[in-house]
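Accompanying notes for the structure given below.
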Amino acid sequence: MGEVPEKGIPGEAPSLGGASGPVRPAEHAPPQASGGAEPQLYFRQLLSGRDFGLGDDAVAGQMRNFVYLVGDQATGEAMVVDPAYDPPALVEVAEEDGMRIVGVLVTHHHPDHVGGDLFGYCIRGVAELLEIVSVPVHCQITEADFVRHVAGVGKSDLITHSGSGEVAVGAFSIEMIHTPGHTPGSQCFLVQNRLLAGDTLFLEGCGRTDFPGGDAGEMYLSLTQRLAKVPDSADLFPGHDYSNRPSASLGETRRLNYVFSPRTAMEWMSLFGR
Ligand SMILES: [Fe+2]
């Protein structure tokens, strides 16, 4: 769930009453390789309601969540990031690419990312995925209780992390960057100069901080300090399709995204603190 609207500009996270954002022709993003020498990164960005979740789940199309598959083509192992809406289809996509899911990475606990009740809509997610594949679920320790309650998974299903850390998939290391603000245990994943940001940062805007557990001050620190180590050359892959393209460089995002406009924490809070 949802981005913080720019102050003075009407805008909200997509409502359940209708689709939001530009409509683009359907396309099926092919596997992308990192290029160069082995090992090769397996990377797919999948849009809910377009690339999966096409059935009776209209919410999948309205919420426009991105799910990611990240793995090592050489070993055939892949992690799935925020597997909501249609877990069997996500497993199938991986299998069709010759990959098997070996773990779940959770950016944060909101039901459009992990499954659960969203305004009365039951969204499928991590719990159903674990019925298909028995794999560990990685989340921040400060998000764990929320993930358990919202997604309906057990304590033993979770591997919790505190702050930064790394998770390996094949020969690749996925760095976890704890970025509180949207939720207490929100985190981003950095792999091969790709930042999977969940609802912490979008191409335009950032995650809302007015939901329970949100903290505008922490969001400012996450955007300006905790993510400062991610270079401008990295590509931003957000948790929702809220723009007219699915990714952009961090450098361009830092230049153009209005959430980077404030020069001080005080200025940030005056614009976005609530
Ligand atoms: Fe969210």
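The values are calculated or read from the model by the stated rules, or taken from the named source; none is laboratory data. Not measured: the values here are computed from a predicted model. Neighbour counts are summed over all protein chains in view; Cβ atoms, including those assigned to glycine, are modelled from backbone coordinates with ideal geometry.
Against the conditions (1) over 26 Å from Ala234 (Cβ atoms); (2) surrounded by 23 or more Cβ atoms within 10 Å (Cβ to Cβ), Glu143 satisfies every one except (1). Hey, could you check the stretch 80-139 for residues that are in a loop (DSSP other than H, G, I, E, B), of a type in the set (Ser, Thr, Tyr) and under 20 Å from Asp199 (Cβ atoms) and say which is farthest from the ligand (Cβ to nearest atom)? Checking each candidate, the answer is Tyr85. Tallying residues that are surrounded by fewer than 17 Cβ atoms within 10 Å (Cβ to Cβ), at pLDDT 70 or above and within 21 Å of the chain's Cα centre (by Cα) within the stretch 20-60 yields 2.
Quick one: in the stretch 61-95, which of the residues that are among the hydroxyl-bearing types (Ser, Thr, Tyr) and surrounded by 20 or more Cβ atoms within 10 Å (Cβ to Cβ) is nearest to Val150 (Cα to Cα)? Before the answer, list the steps.
The initial filter retains those residues of the stretch 61-95 that are among the hydroxyl-bearing types (Ser, Thr, Tyr), namely 68, 75, 85.
Now restrict to residues that are surrounded by 20 or more Cβ atoms within 10 Å (Cβ to Cβ): 68, 85.
Values: Tyr68: 20, Tyr85: 14 Å.
For the stretch 61-95, the residue satisfying everything is Tyr85.
Within the stretch 220-230, identify whether any single residue is at pLDDT 95 or above, within 13 Å of the ligand (Cβ to nearest atom) and part of a loop (DSSP other than H, G, I, E, B), and answer yes or no. So far as the stretch 220-230 goes, no, none of its residues is at pLDDT 95 or above, within 13 Å of the ligand (Cβ to nearest atom) and part of a loop (DSSP other than H, G, I, E, B). Looking only at residues in the stretch 165-218 that are in a strand (DSSP E or B) and charged (D, E, K, R), which one is farthest from the chain's Cα centre (by Cα)? That would be Glu166. Picking from residues in the stretch 245-274 that are touching a Gly at 6+ places or on another chain (Cβ under 8 Å) and in a loop (DSSP other than H, G, I, E, B), the one that is farthest from Arg44 (Cα to Cα) is Gly273. When Val150 is tested against (1) within 25 Å of Ile132 (Cβ to Cβ); (2) more than 14 Å from the ligand (Cβ to nearest atom); (3) of a type in the set (A, V, I, L, M, F, W, C), just one condition goes unmet, and that condition is (2). Taken over the stretch 200-215, the criterion of being more than 14 Å from the ligand (Cβ to nearest atom) and surrounded by 20 or more Cβ atoms within 10 Å (Cβ to Cβ) is satisfied by Leu203 alone.
The single condition among (1) in contact (Cβ under 8 Å) with a residue 40 or more places away in the chain; (2) buried (at least 20 other Cβ atoms within 10 Å of the Cβ); (3) under 22 Å from Glu77 (Cα atoms) that Thr179 does not meet is (3).
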